[in-house]
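Colleague: Just passing along the structure, written as structure tokens.
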Amino acid sequence: MRKNWDLYFLDIAFQVAERSTCLRRQVGAVIVKDKRIKGTGYNGSPAGLPHCIDDGCAMLDGHCIRCIHAEPNALLECTPDERRGATLYCTDRPCPECQKLIITSGITKVVYGRDYNPHTDWFALSSIEVVYMPKEEM
């Protein structure tokens, strides 16, 4: 059976996550507009700085602060026009900080495959369509 577009691009986000250098969690993101990939990102250290796989995770309040999250890394690959009206596919539900960036970027839909309960849900206050597609259903 042929995958629908959402499952297809979400599956690609899980492939992108395999490039992650964080020991705590591998996360991938893909930005798509008009069924064309505009950008990809995974969580890892800023260019030129040590990675978690080299120096370990830098933990603060249970979170690795060494890494840039997958979503901003994907957003940085796109022009504003490519982001406007696009869909972001992400392995994990975006954290509140990434949610704010996504809302501001012009993305109109977010599809993710692994859930958690963030302390704040900025998406609930926005017009962004949010779709949870559990990884186990892929």
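The values are calculated or read from the model by the stated rules, or taken from the named source; none is laboratory data. Bear in mind that the values here come from a model prediction, so they are computed numbers and not experimental data. As a convention, Cβ positions derive from the backbone with ideal geometry for all residues, glycine included, and neighbour counts pool all protein chains shown. To get the accessible areas, we keep the full protein, side chains included, count just its heavy atoms, and leave off ligands, DNA and RNA. Shrake-Rupley method; radii C 1.70, N 1.55, O 1.52, S 1.80 Å.
Colleague: Mind listing just one residue for me: the one in the range 3-24 that is under 16 Å from Met133 (Cα atoms) and charged (D, E, K, R) and, of those, surrounded by the fewest Cβ atoms within 10 Å (Cβ to Cβ)?
Modeller: Lys3
Colleague: Follow-up. I need the helices (runs of 4 or more DSSP H) fully contained in the range 36-138, keeping only those with at least 1 residues that are among the charged types (D, E, K, R) and closer than 18 Å to Leu23 by Cα.
Modeller: 52-55, 70-76
Colleague: Related question: Restricting to the range 109-131, count the residues that are under 10 Å from Asp92 (Cα atoms), surrounded by 13 or more Cβ atoms within 10 Å (Cβ to Cβ) and of a type in the set (Ser, Thr, Tyr).
Modeller: The number of residues fulfilling the criteria is 1.
Colleague: Open to solvent by less than 40 Å² (accessible area, probe 1.4 Å), over 13 Å from the mean Cα position of the chain (by Cα) and modelled with pLDDT of 95 or more: which single residue out of Gly41, Gly106 fits that description?
Modeller: Gly106
Colleague: Test Gly62 against the stated conditions and say whether it is buried (at least 22 other Cβ atoms within 10 Å of the Cβ), of a type in the set (Gly, Ala, Ser) and within 22 Å of Gln99 (Cβ to Cβ).
Modeller: no
Colleague: Right, Asp121: more than 18 Å from Arg24 (Cα to Cα) and either in contact (Cβ under 8 Å) with a residue 12 or more places away in the chain or not hydroxyl-bearing (Ser, Thr, Tyr) (or both) or not?
Modeller: yes
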